[in-house]
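S.K.: Just passing along the structure, written as structure tokens.
The values are calculated or read from the model by the stated rules, or taken from the named source; none is laboratory data. Fair warning: this is a prediction, and the values are worked out from it, not measured in the lab. Note that each Cβ is placed from the backbone with ideal geometry, even for glycine, and that neighbours are counted across all protein chains shown. Ligands, DNA and RNA are stripped out before the accessible areas are found, and what is left, the full protein with its side chains, is counted by its heavy atoms. Shrake-Rupley method; radii C 1.70, N 1.55, O 1.52, S 1.80 Å.
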Amino acid sequence: IVSNGEVTSLISLTSDIRLKKDIRDFNGLSLMKKIGSAFSYKWNEKARSLNPNFANDYESYSWSAQKVNEALPQFTIKNLYGSDYLGIKKESLLPLAWNGVLELDDRVTKLEKRVKHLEERLSKYEAA
């Protein structure tokens, strides 16, 4: 679909827990590490010839669809533009980032408690 406006997919809007099964936690950080770092880029001439929406010179941000496909093939779109180009279902990556942030927050909280405990022990040692 090529659009100059907004396109809404009912698949991505269906998040009702009553429609899901096999629900389990997952480690967002480890999955994000498998994908690797995001990067900035500008569209090349080939991309511009394939899609008029790429006819700008704006800096964009994303990941390598090839790396996403290696780590999480269900998050990629294959055979774009009638060829072997890949795309990313970027809305599928949001839960990974969300869990990753929560995991990091838990780590920071634990480390802050440990630092506080060690500082208390140190101050008692220094007072003696």
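S.K.: Cβ-Cβ below 9 Å, separation at least six or inter-chain, first residue in the stretch 14-27 and farther than 13 Å from PRO95 by Cα, second of a type outside the set (Asp, Glu) and not in a loop (DSSP other than H, G, I, E, B): which pairs?
M.R.: Going by the 9 Å Cβ cut-off, the qualifying pairs are ILE23/ILE17.
S.K.: Sort out which residues of the stretch 34-45 are within 10 Å of the chain's Cα centre (by Cα) and either open to solvent by 50 Å² or more (accessible area, probe 1.4 Å) or over 10 Å from SER64 (Cβ atoms) (or both), and write them in order of number.
M.R.: SER37, ALA38
S.K.: Of the conditions (1) modelled with pLDDT of 95 or more; (2) loosely packed, with under 11 Cβ neighbours inside 10 Å; (3) of a type outside the set (Val, Ile, Thr), ASP16 clears all except one; give me its number.
M.R.: (1) is the only condition that ASP16 fails.
S.K.: Report the residue count in the stretch 46-66 for those that are under 12 Å from LEU86 (Cβ atoms), surrounded by 15 or more Cβ atoms within 10 Å (Cβ to Cβ) and either more than 24 Å from the chain's Cα centre (by Cα) or hydroxyl-bearing (Ser, Thr, Tyr) (or both).
M.R.: The qualifying residues number 1.
S.K.: If I go through the stretch 91-122 residue by residue, how many of them are among the charged types (D, E, K, R) and surrounded by 12 or more Cβ atoms within 10 Å (Cβ to Cβ)?
M.R.: Qualifying residue count, the stretch 91-122: 2.
S.K.: Quick check on my filter: what residues within the stretch 70-89 are farther than 21 Å from LYS42 by Cα and open to solvent by less than 40 Å² (accessible area, probe 1.4 Å)?
M.R.: ALA71, LEU72, PHE75
S.K.: Any idea which of TYR58, TYR85, TYR81, TYR125 is at positive phi and either at pLDDT 95 or above or hydroxyl-bearing (Ser, Thr, Tyr) (or both)?
M.R.: Sole residue among the options that is at positive phi and either at pLDDT 95 or above or hydroxyl-bearing (Ser, Thr, Tyr) (or both): TYR81.
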